[in-house]
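Each remark here refers to the structure printed beneath this line.
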Amino acid sequence: MTNNRLVLDGEAVAKEIKEQLAVRVRRLAEAGVTPCLATVLVGDDPSSATYVRMKRSACRRLGIDSRLVQLGRETTTAQLVAAIRELNADPAVHGILLQHPVPHGIDERAAFEAIGIAKDVDGVTMLGFAQNAFGVAAFPSCTPAAIMALLDYYRLPIAGKRAVVVGRSPILGKPVSLMLLNRNATVTICHSQTVDLPAAVGAADIVVAAVGKPRFIRGEWIKEGAVVIDAGYNPGNVGDVDYEACAVRAGAITPVPGGVGPVTIAMLLQATVDAAEAMARQR
Ligand code: NAP
């Protein structure tokens, strides 16, 4: 069975955003400013190291400086907080990214909260979350921002639509729910204790999967013509959506890989450039 579904191409969206950013990076360079993202990596988790490598090389390709602060797995919360505070105080650093999860034993929330709001380009602080919830300008969490950018790039209507977000994590499910609400969607947030998830998903015009379970969202749950956004990324390059089965019914769908992921990195670069421009204006 085929339909006229639209495959939401995250690589194309990311390419366009990065082209616009390259112009802004050149303008900053003319003013003597090189945007700089500091990445803090704690411990030796191989997938965290891979994510950091990907983000750093994306920075370099765009002319953004990328500084790596690497700390051992025995680092204490106090040491991590001190390292982050040093970056807050460094005028050459415009954005701070703490790669997470951090090793057990570190208070991750305390470390996030040490990031100054002006440099919270990954949108992980409680203040940043609250500002976004209020619709006040702040750097949003990158994956939620990427989801909104994808919907906007393809001019998919949000206002008045019934959006169902599966997952309520502070960096993904909750902020994207509030961003959809701020754009006048009617939002339902589902989680592990939701009763009758298939019925909730089946009522959605827009489904956002942010569960962390491979191929969790089933094709038969999807309403004909719904927009399906898969924020999931599981081992083996598999999303949280059963792509083949959902694509048959969806009006538009993101693939994994090549959907939300590339746009997420573009959002991080964009926030770093925004931060550099804001700091340059204050000089
Ligand atoms: P998380 O913190 O583990 O949260 C998962 C959420 O899913 C929780 O709210 C949980 O509910 C809910 N959930 C778990 N089992 C469920 C079930 N059976 N029915 C309904 N809801 C259920 O994960 P996360 O950090 O938000 O990440 C979610 C996914 O997005 C992962 O695949 C991750 O790899 C991916 N991700 C992708 C990017 C990207 O750039 N594309 C960035 C970040 C994350 P409870 O709250 O009740 O436990």
request  = Answer with yes or no whether ILE217 is within 12 Å of the ligand (Cβ to nearest atom) and surrounded by fewer than 24 Cβ atoms within 10 Å (Cβ to Cβ).
outcome  = no
task = Identify, from the list ALA245, ALA280, the residue that is without any contact (Cβ under 8 Å) to a residue 60 or more places away in the chain, out of contact with any Asp or Glu (no Cβ under 6 Å at 6 or more places or on another chain) and assigned to a helix (DSSP H, G or I).
result = ALA245
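Scan the helices (runs of 4 or more DSSP H) fully inside region 120-214 and keep the ones with 2 or more residues being over 16 Å from the mean Cα position of the chain (by Cα) and not hydroxyl-bearing (Ser, Thr, Tyr). Talk me through it step by step, then tell me what you get.
Working: elements: 126-133, 142-153, 173-182, 197-202.
Result: 126-133, 173-182, 197-202.
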inquiry  = Among the listed residues ARG73, ARG109, ARG60, ARG85, identify the single one that is touching a Gly at 6+ places or on another chain (Cβ under 7 Å) and surrounded by fewer than 17 Cβ atoms within 10 Å (Cβ to Cβ).
reply    = ARG73
request  = Could you grab the pairs with beta carbons closer than 6 Å, sequence gap of 6+ or different chains, first residue in region 228-239 and under 8 Å from PRO214 (Cβ atoms) and at pLDDT below 95, second one within 10 Å of the ligand (Cβ to nearest atom) and in a loop (DSSP other than H, G, I, E, B)?
outcome  = ASN234/PRO214
key: Number of the exception - ILE147 against (1) surrounded by fewer than 19 Cβ atoms within 10 Å (Cβ to Cβ); (2) within 13 Å of the ligand (Cβ to nearest atom); (3) farther than 19 Å from GLU224 by Cα   = (1)
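Yes/no matrix, rows are residues, columns are (1) over 19 Å from ILE253 (Cα atoms); (2) within 13 Å of the ligand (Cβ to nearest atom); (3) surrounded by fewer than 17 Cβ atoms within 10 Å (Cβ to Cβ):
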residue	(1), (2), (3)
GLY160	yes, no, yes
VAL166	no, yes, no
VAL176	no, yes, no
CYS190	yes, yes, no
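If a residue has to be part of a loop (DSSP other than H, G, I, E, B) and more than 14 Å from the ligand (Cβ to nearest atom) to count, how many in region 252-277 make the cut?
Of the residues in region 252-277, 0 are part of a loop (DSSP other than H, G, I, E, B) and more than 14 Å from the ligand (Cβ to nearest atom).
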inquiry  = Of the conditions (1) out of contact with any strand residue (DSSP E or B) (no Cβ under 9 Å at 6 or more places or on another chain); (2) in a loop (DSSP other than H, G, I, E, B); (3) not β-branched (Val, Ile, Thr), PRO103 satisfies every one except a single condition; which number is it?
reply    = (1)
message = Every residue in region 220-236 that is in a loop (DSSP other than H, G, I, E, B), surrounded by fewer than 21 Cβ atoms within 10 Å (Cβ to Cβ) and away from the ligand (no atom under 11 Å from the Cβ), please.
response = LYS223, GLU224, GLY225, GLY236
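Looking only at region 83-119, count how many residues are within 19 Å of the chain's Cα centre (by Cα) and over 20 Å from GLY43 (Cβ atoms).
Let us first name the residues in region 83-119 that are within 19 Å of the chain's Cα centre (by Cα), namely 94-102, 108-109, 111-113, 115-119.
If we keep only those that are over 20 Å from GLY43 (Cβ atoms) too, we end up with 94-95, 116-119.
Here the count works out to 6.
The values are calculated or read from the model by the stated rules, or taken from the named source; none is laboratory data. In this text the structure is predicted, and so the values were computed from the model without any measurement. Don't worry about glycine lacking a Cβ; one is built from the backbone with ideal geometry, like all the others, and counts go over all protein chains shown.
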